[in-house]
Structures are given as structure tokens and as C-alpha cells.
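The values are calculated or read from the model by the stated rules, or taken from the named source; none is laboratory data. Please read all numbers here as calculations on a predicted model, not as lab measurements. Glycine also receives a Cβ, built like all others from the backbone with ideal geometry; neighbour counts cover every protein chain displayed. Side chains included, ligands, DNA and RNA excluded: accessible areas come from the protein's heavy atoms. Shrake-Rupley method; radii C 1.70, N 1.55, O 1.52, S 1.80 Å.
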Amino acid sequence: YELFTSEPYFAGCSDDVAVEVLASPSTLELPAARIDDVQGTHLIARMLTKRPRDRPTIEAVLKHAYINGGLDTLEVSATFQMLHEGQQSFRTELEVLQQAVDNVGSPA
């Protein structure tokens with residue numbers, strides 16, 4: 001966060017307030033207006049997740065669009081998987097329709 005804004009996340013807050021915010025069950029609010037880059041905002045928001053197991057691994061961070069200057073490779077992979085599943089579903093529906101058309105023309 002500091003790399004983007006040049007100030008600490010809890011700038012101007014007492015240690016007690018910072019601890020209270022971190023201990024609360026609510027998510028951290030990222031002042032998005034402070035960061036101009038959409039991909040940078042996305043990356044920082046994911047990295048500032050309170051639960052360590054929900055944070056991206058260093059491998060995921062290094063593959064992120066902000067670091068690579070393009071699309072997030074994990075997001076691209078998920079998108080291709082979704083497209084593949086859509087194609088499979090379309091093929092299945094097309095085969096069902098083709099069988100229905102074939103059955104219309106054949107004697108019962």
C-alpha cells in the first residue's frame with residue numbers, strides 16, 4: 001500500500017485504533033481513490049486480506065497483471081476454463097438438437 005500512496009495504511013491512527021481495526025471481523029477498506037491503477041488496486045486489495053490463507057501466494061502475486069503488465073494469468077486461466085466448459089455444453093446441446101432433427105425425418 002505504501003508503494004502506491006507513499007504513506008502507511010494506518011497513517012495518523014494510534015496503535016490502538018490500528019489493532020482494533022485489524023482485530024475486527026470486517027474486511028479492510030481500501031481507499032481506492034488513492035491508487036490510480038485498477039490492476040494495482042486489485043493486487044493490493046488481495047494482499048491486504050486479513051486472513052493469511054486468503055492472501056495470494058508469492059507465485060500468484062508475480063503472475064498478477066500489475067506485475068506483468070497484462071491480464072492476470074490466473075484470471076485468464078479461469079476464463080479459458082469457463083470458455084472450454086461453454087463450448088462443451090454447446091456441443092452437447094448441438095448433438096441433442098441434431099438427433100432430434102434426424103428423428104423427425106425417420107419413420108417411427
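Full extension of the chain between residue 36 and residue 17 gives 4.2 nm of extra length, using 0.36 nm per residue less the Cα-Cα distance. Applying the criteria of a DSSP loop state and at most 14 other Cβ atoms within 10 Å to the chymotrypsin sites (Phe, Trp or Tyr not before Pro) of region 1-45 yields 10.
The simple spin-label model puts a point 7 Å past each Cα toward its Cβ; for residue 45 and residue 27 those points are separated by 0.7 nm. Estimated from the Cβ-Cβ distance and a Förster radius of 41 angstrom, the FRET efficiency linking residue 7 and residue 59 is about 0.90.
Annotation: residue 67 carries an accessible surface of approximately 90 Å², with a 1.4 Å probe and no ligand, DNA or RNA atoms counted. The structure-derived value of Kirkwood radius over Cα pairs in Å appears in the list [x] 14.4; [y] 18.0; [z] 13.4 under the label [y].
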